[in-house]
Structure formats: C-alpha cells, structure tokens
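Here's the structure we're looking at; comments come further down.
The values are calculated or read from the model by the stated rules, or taken from the named source; none is laboratory data. Model, not experiment: these values are computed from the prediction. Cβ: placed from backbone, ideal geometry, glycine included. Neighbour counts: every protein chain shown.
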C-alpha cells in the first residue's frame, strides 16, 4: 500500500513540475513587434471589409411601394422609382400611424399591410392549394363518424 501512495505522490509532483518546463520553451515576441504587426493587420482588413445586407431598394420595388403609398393616400406625387425624401417621409408616416419603427428601411409588416408581402404562388406546395382558412367543422360528419366507430366496435348501447 505504501508503494502505491509513494508512486501516486511522485506522479502528482511530476505533473505539477512539467508545465513550467514546457512553458520555458515557448518563444516570446517583443511587445513592439507584436503591436505593430497587429496594427498592420487591422489596416489591411479595413480596406477589404465586405459589406453585407441589402444596400438599396431596387427601382421597380420602389415604384411598387410608391404606388401602394399613393393608393393609401400617404404619397401625393407620381411613382418614379426613386427612393427620395418624399417617399421616405411617406413611408415613415405610414409606419408611424401603424405603430411601427420609422428610422430604418421599410418595415416588413408595413410592406405586407400595403399588399406588397411575399408571393407564395411559386412555392412547392402552392399548386392546387389555397391559403384560405380551413372550413368550419361539420357536426353531422362527426356524428356519422361516431356512429361508424360504434358499429365497427360491435358494442351495443
């Protein structure tokens, strides 16, 4: 039993002494070299920064939005396809009247409410289906179904 404890103590002490031995062989760079190299990297990354997301609204989409805003009496000018200050002001007024944000691009809820939401006509399950609400339950069909179950079970009431 004593040799087991001695071996365990030796193993633990060796494990505690080993990390400093391995750490001594790590190469350290000077702080000035490290700082200048990271500084150079940050400048090179700024030049190649990739812009993400939608940057502008396409002119044909702007025309659709302008037509919808004119239909709702928020825009009095003719649709021209330019996302100008008049169109922005009309969209912000429409969104504010409905309690939505007004600082960013058009709110998806506003576009949907204007009738400009997504078109699901080309969806995989769109052929032969309707997006209308399901029909209400028919009580006579439920009663017929219940009678069928009673008959099939063979139980008489």
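Values as computed for the structure displayed
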item	result
Verdict on residue 61 being modelled with pLDDT of 80 or more and assigned to a helix (DSSP H, G or I)	yes
Filtered residues of region 64-83 (kept if assigned to a helix (DSSP H, G or I) and surrounded by fewer than 15 Cβ atoms within 10 Å (Cβ to Cβ))	71
Filter result for residue 34 (at pLDDT 85 or above and out of contact with any helix residue (DSSP H, G or I) (no Cβ under 8 Å at 6 or more places or on another chain))	no
Candidate set: region 84-125, residues that are touching a residue at least 40 places away in the same chain (Cβ under 8 Å) and more than 20 Å from residue 55 (Cβ to Cβ); chosen: the one surrounded by the fewest Cβ atoms within 10 Å (Cβ to Cβ)	115
